[in-house]
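**Student:** Before I ask anything, let me first share the structure, which is written out below as structure tokens.
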Amino acid sequence: MCLQASSALGFDPPERVALTGAGDAIAWARTIPDFGWYHEVYVLFLSADRALRRAAWLGSAAALDDFVAWPDYSLGYAPPDGADAVMLLVCRPGEGVEPTPDDRQVFELLRLAHDARGVPLADVVLVDGRRWCSMAAL
């Protein structure tokens, strides 16, 4: 792991980690101690074949709607040679995993913002402890 110049903690995997969907992403994230039990956001940058290129931990100060307020918020942490897609893991313990109407609206706005920048939003996964919900699957 390496500390990026900003306030995020970044991890570039030394070998290929396949993340074909939300289930794979959650399984990988569960290797992080206490994943899902604290308010935090992870941005996963994926290659064209859905391998993890970089994971950035944005800590507890980030919320889902931050990504709409600042459209390049997550993309600023991309690997130097870019990424082909982005997945967000949004941990919000005690809030459940059922998306609210606001969550759904933010998800659609995020899709548009990422598409406009040429890095599609693959998914937003809401996490509460052991439970999770893929918004792309809804």
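The values are calculated or read from the model by the stated rules, or taken from the named source; none is laboratory data. Treat the numbers as computed from the prediction; the structure is a model and nothing was measured. Cβ atoms come from the backbone with ideal geometry, glycine included; neighbour counts cover every protein chain shown. Ligands, DNA and RNA are excluded from the accessible area calculation, which covers all protein heavy atoms including side chains. Shrake-Rupley method; radii C 1.70, N 1.55, O 1.52, S 1.80 Å.
**Student:** Determine, from the Cβ-Cβ distance of R111 and A61 and an R0 of 25 Å, the FRET efficiency 1/(1 + (r/R0)^6), rounded to the nearest 0.05. Intermediate results must be reported in sequence, preceding the final value.
**Tutor:** Numbers: r = 23 Å, r/R0 = 0.93.
With R0 = 25 Å, the Cβ-Cβ based efficiency is 0.60.
**Student:** E98 accessible area, nearest 10 Å², 1.4 Å probe?
**Tutor:** Solvent-accessible area, nearest 10 Å²: 130 Å².
**Student:** Still on this structure, I have one more. Kindly write out, for region 14-22 in residue order, the coupling ³J(HN,Hα) from the Karplus curve 6.51 cos²θ - 1.76 cosθ + 1.60 (θ = phi - 60°), rounded to whole Hz, with x marking Gly and Pro.
**Tutor:** Result, rounded to whole Hz: x, 10, 5, 10, 7, 10, 6, x, 4.
**Student:** Report the Stokes-Einstein translational diffusion coefficient (µm² s⁻¹, integer) for region 69-119, Rh taken as the Kirkwood radius over Cα pairs, at 20 °C with viscosity 1.002 mPa s. Present the calculation step by step, with values, prior to reporting the outcome.
**Tutor:** Numbers: Rh = 12.5 Å.
Rounded, D is 172 µm²/s.
**Student:** Give the dimensionless ratio obtained when the Cα radius of gyration of region 1-120 is divided by 2.2 N^0.38 Å. Intermediate results must be reported in sequence, preceding the final value.
**Tutor:** On the way: Rg = 13.6 Å, N = 120, 2.2 N^0.38 = 13.6 Å.
Cα Rg divided by the expected 2.2 N^0.38 Å: 1.00.
**Student:** Between region 112-133 and region 14-82, how far is it from one alpha carbon centroid to the other, in angstrom?
**Tutor:** Distance between centres, Cα-based: 9 Å.
**Student:** Along the charge dipole of region 20-138, Cβ charges K/R +1 and D/E -1, which of T100, A137, A113 sits furthest on the positive end?
**Tutor:** Value: A137.
**Student:** Okay, moving on. In debye, nearest 20: dipole of the chain around its Cα centre with unit charges on the Cβ of K, R (+) and D, E (-)?
**Tutor:** Using Cβ point charges on Lys, Arg, Asp and Glu, the chain gives about 260 debye.
**Student:** Tell me what the chain gives for mean residue ellipticity at 222 nm when only DSSP H runs of n ≥ 4 count, each as -39,500 (n - 2.57), the sum divided by the residue total, rounded to 500 deg cm²/dmol.
**Tutor:** Numbers: 3 runs with 28 residues, N = 138.
Rounded to the nearest 500, it is -6000 deg cm²/dmol.
**Student:** Let me ask something else about it. Using a 1.4 Å probe over the heavy atoms of the protein chains, calculate the carbon and sulfur portion of the accessible area of region 38-83 as a whole percent.
**Tutor:** Answer for region 38-83: carbon and sulfur cover 54 percent of the accessible area.
**Student:** Filter the trypsin sites (Lys or Arg not before Pro) in region 4-66 down to the DSSP loop ones having no more than 14 other Cβ atoms within 10 Å, then list what survives.
**Tutor:** Working: sites: R16, R30, R50, R53, R54; in loops: R16, R30, R50.
Those that pass, being in a loop and sparsely packed, are R16, R30.
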